[in-house]
Each structure stands twice: as C-alpha cells, then as structure tokens.
Amino acid sequence: MPFDPSDLMKDRLTDIGPPKYDRFFPPVIKDNYGKWKYHEILQPGVLVHVSETGAEVYTVRVGACRLVSVDLIRDICDIADKHCGGYVRWTTRNNIEFMVDDKSKLQPLIDDLKSRGNWFPLGGTGASVTNIVHTQGWVHCHTPAIDASGIVKSVMDELFDYFGSHKLPAQVRISLACCLNMCGAVHCSDIAILGVHRKPPFVEHERVQNVCEIPLVIAACPTAAIKPKKVGEYKSVEINNARCMF
C-alpha cells in the first residue's frame, strides 16, 4: 500500500525497534490500563494491584540473575504457561514477575515456585534488598576493570536473607559497574560497587594477535594511547602511559 500521511501506522511493517508495548499485556492489565487505584504488599515478593473496576492482579516476584541458561528460561516459560496464561515479565532489576488475575490461583503458583528450591526465591519488595543489577562484565564488554557476575553472586549470597524478608528500615538498592563508564547506573543506587582501572594495561605481546583484532583495539581507545608495535615476530600494541586515562 502507498504511504498515507494521515495514518502513519497503516500497513506499516518493520523490524526496527521493539514491538508496541501493549501487545504483551495480560488481558486483565490491558483491560484496566490507567485504572489502577492502589497496590499492597501481601508478603515479601507478593503484591496485589486493585483497579477501579474491581479487578485484581496478584504478582509474585522472584529473583533471577542477569545471565541465565536456556534451561532456566524454559522452566520460567513452563511456569507461566501453567499458572499465568503464558504471560511473564522481567523488571528493570532482573526480577521475574508472574501475574495471576484471581486469588485462587495465587497459592498454587507460590507452592510451585517454592517446590523448585532456590531457583525461584520470592522477595525484592518493600523493605528488602532488591535484586542487584550490574553491567556486562567480561562476557560482552571490552572496557571492564572487573567482572560482574561473580562479585554480584558473592554479595547477594551474604545478603540473601534480606531479599526474602522485610527486616530493613527501607528498601535498599545495590548495583555494580565494571568500570567508570557506569552503564549500570550505580550512581542511582544506595550502595555502589565500582571497578576502577588503577594503572595502564599490561601488554602480553605473545598473546595479543591471537585474542583480538589490533586495529579495533587501537580504535577503541578514547585518548589514542594505544598504537601498533612489532615485537620480534609478534604483531602487538604499545601503551603511551602519559596519555592513558587510567
């Protein structure tokens, strides 16, 4: 069909950007969009939202890590299919939320989650330690000073009891960033863990050409502190310490 300036979305086909958000709303959420009156926390990890129409949505929040296995995703989908009509959502802090539209469906959902051990811990609501968010780390980023997943797990292991309870005076948010770019928005959290480069990188000349593309390494430096260098038979790089931002 030709482009219609009076109806910009008519017959529009594209794979650019995310699909329209309301396509994935559970029916009760879509029917009551903009009509919610209030919500309550029934217990750690369990909320109820009440609409002006009298409709209710019960949400069960469970903690999850940022990087998950295919097997865990399949388990999540199985739980959503069994109890929630196939609907599931993730929060910005990597929690998983299962939603049901009737109180009679709530306890069977909770029992199912608890029967799976610590894979689906309830919590992260109210006066608790919410799930820790973190940046990419070594798995995907080329600028980290530290890795993320191991540190986050160690910290959360120590604070796990505070995730599934309301023992604290208020909600506490913890975040980790692997470098000073802070793409994990750690400056917006109550407690920040930040990896810092303390000295210029050490170059292992015999490994460089086998583990990275040298032109990309040179181009990636924002202060032009890296330049190519030939060391014997090895193609490598050299660091100008005076220009290095670290």
Exercise for the section: With a Förster radius of 35 Å, plug the Cβ-Cβ distance of LEU180 and LEU67 into 1/(1 + (r/R0)^6) and report the FRET value to the nearest 0.05. Expected result: 0.95
Problem - Computed over the chain: relative contact order in percent, which uses C-alpha pairs under 8 Å that are six or more apart - result: 12 percent
Fill in the blank from the handout: The alpha-carbon center of region 172-246 and that of region 12-53 are separated, in whole Å, by 41 Å
Problem - Exceeding the 21 Å Cα-Cα cut-off - candidates LYS30/LYS103; LYS82/LYS114; LYS35/LYS167; LYS105/LYS167 - result: LYS35/LYS167; LYS105/LYS167
Handout entry: the chain: projected area of the alpha-carbon convex hull, averaged over directions, in nm²
Key = 20.6 nm²
Exercise for the section: Mind checking which of VAL50, TYR38, THR91 is farthest towards the positive end of region 21-119's charge dipole, using Cβ charges of +1 (Lys, Arg) and -1 (Asp, Glu) about the Cα centre? Expected result: THR91
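Which of the trypsin sites (Lys or Arg not before Pro) found in region 1-72 are in a DSSP loop and have at most 16 neighbouring Cβ atoms, other than their own, within 10 Å? Let's see the in-between values first.
Details: sites: LYS10, ARG12, LYS20, ARG23, LYS30, LYS35, LYS37, ARG61, ARG66; in loops: LYS10, ARG12, LYS20, LYS35, ARG66.
Filter output for region 1-72: LYS10, ARG12, LYS20, LYS35.
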Handout entry: Backbone HN-Hα couplings from phi across region 170-184 [Karplus 6.51/-1.76/1.60, Hz, Gly and Pro as x]
Key = 7, 5, 10, 10, 10, 9, 10, 10, 7, 7, 6, 4, 6, 5, x
Practice task
For region 56-72, just list the computed ³J(HN,Hα) in residue order, Karplus coefficients 6.51, -1.76 and 1.60, θ = phi - 60°, integers in Hz, with x standing in for Gly and Pro.
Solution key: 10, 10, 9, 10, 10, 9, 10, x, 8, 7, 5, 9, 10, 8, 4, 4, 5
Exercise for the section: Report the local net charge at PHE160: Lys and Arg +1, Asp and Glu -1, summed over other residues whose C-beta lies under 14 Å from its C-beta. Expected result: -1
Fill in the blank from the handout: Per the rule of 0.36 nm per residue minus the C-alpha distance, extending MET245 to HIS205 adds in nm 12.3 nm
Exercise for the section: Report the longest stretch of the chain that contains none of the GluC sites (Glu not before Pro) sitting in a DSSP loop with at most 16 other Cβ atoms within 10 Å. Expected result: 53-203
Exercise for the section: Pull up all non-local amide H partners of GLN171: gap of 5 or more, or a different chain, and H-to-H distance under 5 Å with H placed in the peptide plane. Expected result: SER128
Problem - Degrees separating the helix 149-163 axis from the principal Cα axis of the chain, which is the longest one - result: 30 degrees
Handout entry: Cleavage-rule hits, chymotrypsin sites (Phe, Trp or Tyr not before Pro), region 16-83, DSSP coil, Cβ neighbours within 10 Å at most 15
Key = TYR33
Practice task
Mind checking region 151-181 for trypsin sites (Lys or Arg not before Pro) that DSSP puts in a loop (not H, G, I, E or B) and that have at most 11 other Cβ atoms within 10 Å?
Solution key: LYS167
Exercise for the section: Specify whether the C-alpha gyration tensor of region 86-210 places it in the rounded, prolate or oblate class, a ≥ b ≥ c being the square roots of the eigenvalues: rounded for a/c under 1.5, otherwise prolate if a/b is larger than b/c and oblate if not. Expected result: prolate
Completion exercise
Summing -39500 (n - 2.57) over every DSSP H run of at least 4 in the chain, dividing by its residue total and rounding to the nearest 500, the 222 nm mean residue ellipticity is -6500 deg cm²/dmol
Exercise for the section: Considering the options VAL237, LEU176, ILE29, tell which one lies farthest towards the positive end of the dipole of the chain, charges being +1 on Lys and Arg and -1 on Asp and Glu at the Cβ, about the Cα centre. Expected result: VAL237
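Each value in this text was obtained by applying a stated rule to the coordinates, not by laboratory testing. Everything quoted here is computed from the prediction, not taken from an experiment. A quick note on method: Cβ atoms are made from the backbone with ideal geometry, for glycine too, and the neighbour counts reach across all protein chains shown.
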